[in-house]
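Contents: one structure, followed by commentary.
Just so you know, all these numbers are worked out from the coordinates, no wet-lab data involved. Note that the structure is predicted; figures quoted are calculated from it, not measured. Neighbour counts run over all protein chains shown; Cβ positions are idealised from the backbone, glycine included.
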Amino acid sequence: MKLSARLLAGVVLSAQMFSCTVDGDGGECVSPTQNLDTAYAPGAVGCACTDADEDVCVDDSSGRGVALVCDAGRWKAVEDGPCAPFPPVCFSPTQNLDTAYEPGSVGCACTDADEDVCVDDSTGRGVALVCNDGRWDAVEDGPCAPLFPVCFSPTQNLERAYDLGAVGCACADTDEDVCVKDSHGRAVALVCEGGAWLAVLDGPCGGR
């Protein structure tokens, strides 16, 4: 029986609405771009491939790695496939510090001229980094001294001025006493003493 042109067009359009390839038995096949969640399932069928197709490592929707090779003209999922795991993202004094102490973590490239560094990760945990054989290495008991505290002056870091152990920036004997307010509106009295700014609660700026 012949199909009418309109009916035939409808069949073709319906077939185009389904993007996944099917095998000869009508089941959905597996390829690097489709049906990866079923790749390791017993009886899974690979879509057609060619010898020119390279091995592929991709993740299914759950994040599980799937290694696919072209075997006898069909994609095949192999548990111990030839695709090596992606290299871990490296850490350095300026990136990925949260991973620095994790087992197997990899340091980014560095040079012998790079000094030891002490920095905090996003959780506030101290991370000590040294350059070891051309790569940053995170050491729990690292040799780096604490970072110098950020100094305060009439124009910067006034919130720190009255903190215990706060360090004043350099000043000159010719610098006059200053009365300023920090970003919270708190009055800060600064005097130059011994070449560095000093914050004094009962400073000489009497009530200004």
Practice task
Sort segment 87-147 into rounded, prolate or oblate with this rule: let a ≥ b ≥ c be the square roots of the eigenvalues of the Cα gyration tensor; rounded if a/c is under 1.5, and if a/c is not under 1.5, prolate when a/b is larger than b/c, oblate otherwise.
Solution key: oblate
Exercise for the section: Going by C-beta contacts inside 10 Å, put 153, 62 in order with the fewest on the left. Expected result: 62, 153
Exercise for the section: Taking the Cα centre of segment 29-77 as origin, sum charge times position over the Cβ atoms of Lys and Arg (+1) and Asp and Glu (-1), and report the length of that vector in debye to the nearest 20. Expected result: 180 debye
Fill in the blank from the handout: Measuring from its Cα centre, segment 87-147 shows a charge dipole (+1 at each Lys and Arg Cβ, -1 at each Asp and Glu Cβ) which, in debye to the nearest 20, is 160 debye
Problem - Sorted by Cβ neighbour density within 10 Å, fewest at the top, the residues 125, 135 - result: 125, 135
Exercise for the section: Rank by packing, highest mean first: peptides 112-124, 181-193, with packing defined as the count of other Cβ atoms within 10 Å averaged across residues. Expected result: 181-193, 112-124
Handout entry: Proximal charge balance of residue 169 [Cβ under 11 Å; K/R count +1, D/E count -1]
Key = 0
Completion exercise
Hull surface over four for the Cα convex hull of segment 148-208, reported in nm², is 4.0 nm²
Handout entry: Sites residue 159 and residue 94 - FRET efficiency at Förster radius 25 Å, r taken between beta-carbons, to 0.05
Key = 0.50
